[in-house]
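I'd like to ask some things about the structure below.
The values are calculated or read from the model by the stated rules, or taken from the named source; none is laboratory data. These numbers were taken from a predicted model, which means no experiment stands behind them. Positions of Cβ are generated from backbone atoms using ideal geometry, with glycine treated the same way; all protein chains shown enter the neighbour counts.
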Amino acid sequence: MTHLRSDARDNRDRILEVARAAFATEGLDVPMREIARRAEIGPATLYRRFPTKEALVVEAFREQMGACDTIIDAALADPDPWRGFCTFIEQLFELHALDRGFTAAFMSAYPNALDFTAGRNASLLRVAELAARARAEGGLRADFVLEDLLLMIMGNSGLRTSSPEAAVAASRRFAALAIEAFRASGSSAALPPPARVSLTRS
C-alpha cells in the first residue's frame, strides 16, 4: 500500500471500520453511499479509495485476516506459552463473535478474490506451534489436538445474540470454558459472567 497522508489514512481506516461493521451485521448488500454516510465522508472520497464494492469488501476482509495474524503474533511472542495460548483463544473468539457472518458472506460472494486457503493453512501451522509450546510447558493437556480448537472455533462462530456487546460477552464466557477444557491441571479459574444467547439468528 502506498504511503498516505494522515488525513487520507484516517479516512481509509474509518471507511474500513464502518464497512466491516456494516457487512458483519447487515450483509454485503449495504450500499456504498450508505458506507460513505456512516463514515462521514462524501461518496467521491469513498470511490477514490475503493472504486468498486468488491475492492472495498476484499480490503475489509484482508484486514480481518490481518487482525487474526496479529493475535497469533502476540501469542507467539508471549514468554509464557500457556498464557499466550489462552490470550490467543480469548482474542480470536472475540474477533469471530464480532464477525457475525462477514467471513461466510465474503467467501460465498467472492470465493476467488483472495487465496484464503494458503493464508488459513499458514495460520494453522503457527497455531500448532503455539499449542506445542503450551503443551511442552505443561499448561496444555497432553491429549489436545488442533481439531479440538477448530471444534471450539466452530461453536463460537455459531453464537447468536441480540447485539455486538452481547456477542462479546458470550464469546468471553465460551473462551473461558474452552480454556478450562484445554487446561492440563485440575485447577479452575473463575468464569466470566453468564451471557444470554439464542439458538436462532436475530
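When both residues are 6+ apart or on different chains and their Cβ atoms are under 8 Å apart, which pairs have a first residue that lies in the stretch 55-69 and is more than 19 Å from G27 (Cβ to Cβ) and modelled with pLDDT of 90 or more, and a second that is part of a helix (DSSP H, G or I) and of a type in the set (K, R)?
Every condition considered, no pair remains.
Still on this model: Of all helices (runs of 4 or more DSSP H) completely enclosed by the stretch 1-112, which ones contain at least 3 residues that are assigned by TED's automatic domain parsing to the domain that holds A134?
53-77, 81-99, 102-109
Of everything in the stretch 152-166, what is surrounded by fewer than 13 Cβ atoms within 10 Å (Cβ to Cβ) and under 18 Å from L177 (Cβ atoms)? Give them in sequence order.
If the condition is that a residue be surrounded by fewer than 13 Cβ atoms within 10 Å (Cβ to Cβ) and under 18 Å from L177 (Cβ atoms), then M154, G158 are the ones that fit.
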